[in-house]
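Report on the following structure.
The values are calculated or read from the model by the stated rules, or taken from the named source; none is laboratory data. Every value quoted in this text rests on a predicted model; they were computed, and no experiment measured them. Here the Cβ positions follow ideal geometry from the backbone for every residue, glycine too, while neighbour counts run over all protein chains shown. SASA here: full protein model, heavy atoms, side chains in, ligands and nucleic acids out. Shrake-Rupley method; radii C 1.70, N 1.55, O 1.52, S 1.80 Å.
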Amino acid sequence: LSDNYVYTYASIDTNRILVATDNGINELTLGGTSIRAKQLNTSNGLPDNIVRVVKPVPDICWSWIGTHQGGLALYCSHSHKVWTPKADVDWQWGAVHDILPISMEEAWVATNKGYLLNVQLLDSERINVKAYHFEGQKFNRLLLDHTGNIWCATNMGLKEITAEYLQQIAIPEPYDI
């Protein structure tokens, strides 16, 4: 591996694994008794070498990538290409702790600065980010239940977020769901 510190790994098909490290991503291909490794880092398009999260989108060749300071990227396991779509503002929401892929175009992202982000891929170059801030909380893990609710493991306990309301109803300050 390109680094001894591994944050997570994800299986992208029957014989390939993506490994998130402090020195980029390692794509491991398992073949019989051998293992081939390909390293992806900032020279290959990653926005940051410290990759904290790799989450494949179900049933397609894309994976969402979350970094320590550089925000998000996408990886195609067929073309072996990384690209970083840009938001309207520079990444300001903190280190990515988890990503919950919803579809090819949408994901929820948890950050260490207390943000739950709804990210929508507009095209190959741009993303739209709707940020929901939860003061004093650090989001660690996200899970989606069968009814569409997002369950968040935070530094203050478990939090349930009703995703449908967050996506469709804009609630003005100081109110909160």
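A few comments on the model shown:
- Odd one out for Thr42, checked against (1) closer than 28 Å to Gln137 by Cβ; (2) open to solvent by 20 Å² or more (accessible area, probe 1.4 Å); (3) out of contact with any Pro (no Cβ under 7 Å at 6 or more places or on another chain): (1)
- For beta carbons closer than 9 Å, sequence separation of 6+ or different chains, a first residue in the stretch 18-36 that is assigned to a loop (DSSP other than H, G, I, E, B) and a second that is open to solvent by less than 40 Å² (accessible area, probe 1.4 Å) and modelled with pLDDT of 95 or more, the qualifying pairs are Asp22/Val51; Asn23/Val51.
- Only one of Arg52, Arg16 that is of a type in the set (Lys, Arg) and surrounded by fewer than 18 Cβ atoms within 10 Å (Cβ to Cβ): Arg16
- Search result, residues across the stretch 55-94 that are more than 20 Å from Asp13 (Cα to Cα), of a type in the set (A, V, I, L, M) and surrounded by fewer than 16 Cβ atoms within 10 Å (Cβ to Cβ): Val89
- Among the residues making up the stretch 2-44, those that are of a type in the set (Gly, Ala, Ser) and at pLDDT below 90 are Ser2, Gly31, Gly32.
- From Leu46, Leu74, residue being closer than 15 Å to Ala20 by Cβ and either among the aromatic types (Phe, Trp, Tyr) or part of a strand (DSSP E or B) (or both): Leu74
- Residue in the stretch 50-66 that is modelled with pLDDT of 95 or more, of a type outside the set (Lys, Arg), on the phi < 0 side of the Ramachandran plot and in a loop (DSSP other than H, G, I, E, B) present: yes
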